[in-house]
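Data first, discussion second: the structure below is written as structure tokens.
The values are calculated or read from the model by the stated rules, or taken from the named source; none is laboratory data. The model shown is predicted, which means the values in this text are computed figures rather than measured ones. Note that each Cβ is placed from the backbone with ideal geometry, even for glycine, and that neighbours are counted across all protein chains shown. Ligands, DNA and RNA are stripped out before the accessible areas are found, and what is left, the full protein with its side chains, is counted by its heavy atoms. Shrake-Rupley method; radii C 1.70, N 1.55, O 1.52, S 1.80 Å.
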Amino acid sequence: MMKRIAVIGLGTMGPGMAQRLAQGGLVVTAFDTDGAQIEKAKAMLPLITGVLDRLGITPKPGGALHFTTSLADAVKDADLVIENVPEKIEIKADVYRALEGLIASKTLVVSDTSGIPISKLQEHLSHPERFCGMHWSNPPHIIPMIEVISGAKTAPETAKAIVTLIEELGLLPVVVNKDVPGFVENRILYALLREAVDLVEEGVIAPEALDTCVSWGIGYKLSVIGPMALLDVAGLDIYHSVAGFLNQELSTRGDIAPFVTKRVAEKRLGLKTGGGVYAYTPERIKELGAERARKLVAVRRALEEKDRT
Ligand SMILES: NC(=O)C1=CN([C@@H]2O[C@H](COP(=O)(O)OP(=O)(O)OC[C@H]3O[C@@H](n4cnc5c(N)ncnc54)[C@H](O)[C@@H]3O)[C@@H](O)[C@H]2O)C=CC1
Ligand SMILES: Cc1ncc(C(=O)O)c(C(=O)O)c1O
């Protein structure tokens, strides 16, 4: 049974992840090279704990969340280190190198990488057998599904220990069988986002209308009926007919749409810069955060509802 977990990197994912682990009874120490990110994480905790409370996730005894500006302090006596730094191999590799000599060879290390192949990351660890992917989704304190991905050198017991941890937290582990870039969730998401951006860029539909179409159409349906089950609901014959012509029409671009590259070049990144696809005031960002958390909680409660029969 794991007891002490270090979270390396706060940013977008770290605060919710760290608090969710702490409320699962773990002693968590979070580290970030940027002190401002530590202060930001602390300021986020009341909102995060309020959402966890509404999800019915009551803090288990023995759990705690500490923050530190020392990597050594963060990983001291850790059973598990969760690397959660930016999606750049070189930054992640620097963290793995810094861990050498600070953690015991039995300590497990995972990455929250969105899709860098685990086998690639394993090249930068002296104990690759004790490393695997543990891919959370944003917001990590609300989305219960976590992908577990083994690299070529991951020991089976390492992945099993992470699956067990996720289950003990009452969350949903999904074991991905092959270490492919993007794993599963992000391959599906990025195929969808590529098509969505192309449709907006080509003037087929406005961003707001696309969001309504997807959120109140397939997004709503897929939250209850998964894609593979949906094939049976629609009928594989229907899929066969429609895919027969539509698969040749879908976006297959290998580059990134100018709709995105233009905005990134102009530092219009979204919520983090006050504008991207849409424009936001600081007040609207706060409103959206609370509103979306409330709705995600309500949807999750409905989805967790056991069959009435
Ligand atoms: N943002 C998202 O929706 C999701 C991101 N991820 C993945 O999780 C990881 C983190 O993503 P975000 O939280 O979005 O990144 P972020 O860029 O928001 O935060 C990264 C944090 O790491 C800190 N940091 C940078 N170098 C560090 C170091 N050497 N040691 C300690 N801290 C360091 C930064 O100060 C920053 O606070 C990435 O691999 C990302 O692909 C996974 C799921 C969802
Ligand atoms: C746009 C985007 N990219 C990556 C991820 C991820 O899971 O890594 C997410 C997410 O929702 O978590 C995302 O929205």
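Treating the beta-carbon of each Lys and Arg as +1 and of each Asp and Glu as -1, no other charges, what is the dipole magnitude of the chain about its Cα centre, to the nearest 20 debye? Can you show the working numbers first?
Numbers: 35 positive and 38 negative charges, 134 e Å.
Charge dipole of the chain: 640 debye, to the nearest 20.
What Kirkwood radius, in Å to one decimal, follows from the Cα pairs of the stretch 186-278?
The Cα-based Kirkwood calculation yields 15.2 Å.
If amide hydrogens are placed 1.01 Å from N in the peptide plane, which non-local residues have theirs closer than 5 Å to the one on Val174?
Excluding prolines and chain starts, which carry no amide H, the hits are Ile146, Glu147, Val148.
Take each of the peptides 231-238, 207-214, 156-163, average the number of other beta-carbon atoms within 10 Å over its residues, and list them starting from the highest.
Descending mean neighbour count gives 156-163, 207-214, 231-238.
For the stretch 4-176, report the convex hull volume of the alpha-carbon atoms normalised per residue, in Å³, without decimals.
96 Å³
For the charge dipole of the stretch 186-278, defined by +1 on Lys and Arg C-beta atoms and -1 on Asp and Glu C-beta atoms about the Cα centroid, which residue among Ala209, Ala265, Gly244 has the Cα displaced farthest towards the positive pole?
Ala265
Amide H neighbours of Val28 under 5 Å, at least 5 residues apart or on other chains, H built in the peptide plane: list them.
Ile5, Ala64, Leu65, His66
Based solely on C-alpha atoms, express the radius of gyration and the Dmax of the chain in angstrom.
20.5, 59
Which value, in nm² and rounded to one decimal, describes the direction-averaged projected area of the C-alpha convex hull of the stretch 18-84?
The directionally averaged projection comes out at 4.5 nm².
Send over a whole-number figure in Å² for the accessible area per residue of the chain, probe 1.4 Å.
Numbers: 17330 Å² over 309 residues.
Value returned for the chain: 56 Å² of accessible area per residue.
Report, in listed order, any pair from Lys88/Lys153; Lys3/Lys178; Lys88/Lys160; Lys272/Lys295; Lys42/Lys120 with a Cα-Cα distance greater than 23 Å.
Over 23 Å apart, Cα to Cα: Lys3/Lys178; Lys88/Lys160; Lys42/Lys120.
Using the alpha-carbon atoms, what tilt in degrees (0 to 90, nearest 10) does helix 35-54 show relative to the longest principal axis of the chain?
Approximately 70 degrees, to the nearest 10.
Determine ³J(HN,Hα), in whole Hz, for all residues of the stretch 198-208 in sequence, where each value follows from phi through the Karplus function 6.51 cos²θ - 1.76 cosθ + 1.60 and θ = phi - 60°; x replaces Gly and Pro.
4, 5, 6, 5, 8, x, 5, 7, 7, x, 4
Using the alpha carbon gyration tensor of the stretch 107-183, what are the three equivalent-ellipsoid semi-axes (square root of 5 times each eigenvalue), largest first, in whole Å? Let's see the in-between values first.
Details: eigenvalues 74, 38, 20 Å².
Gyration-tensor ellipsoid for the stretch 107-183: 19, 14, 10 Å.
For the chain, which whole percent of the accessible surface, found with a 1.4 angstrom probe, sits on carbon and sulfur atoms?
Of the solvent-accessible surface of the chain, carbon and sulfur hold 61 percent.
Provide Rg over Rh for the stretch 51-93; use the alpha carbon set for both Rg and the Kirkwood Rh (inverse mean inverse pair distance).
Details: Rg = 14.6 Å, Rh = 13.5 Å.
With Rg and the Kirkwood Rh in hand, the quotient comes to 1.09.
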